[in-house]
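Take a look at the structure below.
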Amino acid sequence: MKKSVIVITIALGVIVLFAAACGSRTNSDGTAATGKVIRTAPIGNLTFTVASSTGQLKQGDQELTLSFTDSAAKPVDVGAVSLNFHMPAMGSMAAMNDAVTFTTTSTPGVYRGKVNIGMAGEWQGQLAFEGPAGKGKTTFSVTAQ
Ligand SMILES: [Cu+2]
């Protein structure tokens, strides 16, 4: 009797561990879960989406997901991407530029990014791509918390 209770407890523990491992793997490779949307807008005839686990840009180090999709919401490989967060000079404060460092994921058209946002406030995202889908460029505003 005691033995079977222990076996069931261990089995449940293993299931929980597997579920946790699956969840984190899906998130870190960026294929299925791209997180919560920070900003999505058209770029050329595609749509870009910047997302993170919180859905908000924040001051400091963070990870973002950037994806490009067509009108059917299918990811599109756009080749090389760049995203710079720019804040114009204000009074005695010099202009700031915090560029995102991107890596590709197993899904073409979905990129993982790392950025260190220097301060809270209003930033201008300067986004561009160049590659198999041609060239695209846009800017968008976003407030860092
Ligand atoms: Cu500033």
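The values are calculated or read from the model by the stated rules, or taken from the named source; none is laboratory data. Note that the coordinates shown come from a computational prediction; the quantities given were computed from them, not determined experimentally. Note that we place each Cβ from the backbone using ideal geometry, even for glycine, and neighbour counts take in every protein chain shown. These area figures cover heavy atoms from the full protein model, side chains too; ligands, DNA and RNA do not enter into them. Shrake-Rupley method; radii C 1.70, N 1.55, O 1.52, S 1.80 Å.
Things worth noting here:
- In this structure the amide hydrogen of Gly118, modeled in the peptide plane, comes within under 5 Å of the amide hydrogens of Gly60, none closer than 5 places in sequence on its chain.
- Accessible area (Å², 1.4 Å probe, nearest 10) - Thr34: 40
- Projecting label points 7 angstrom from Cα along Cα→Cβ for Thr69 and Lys137 puts them 2.7 nm apart.
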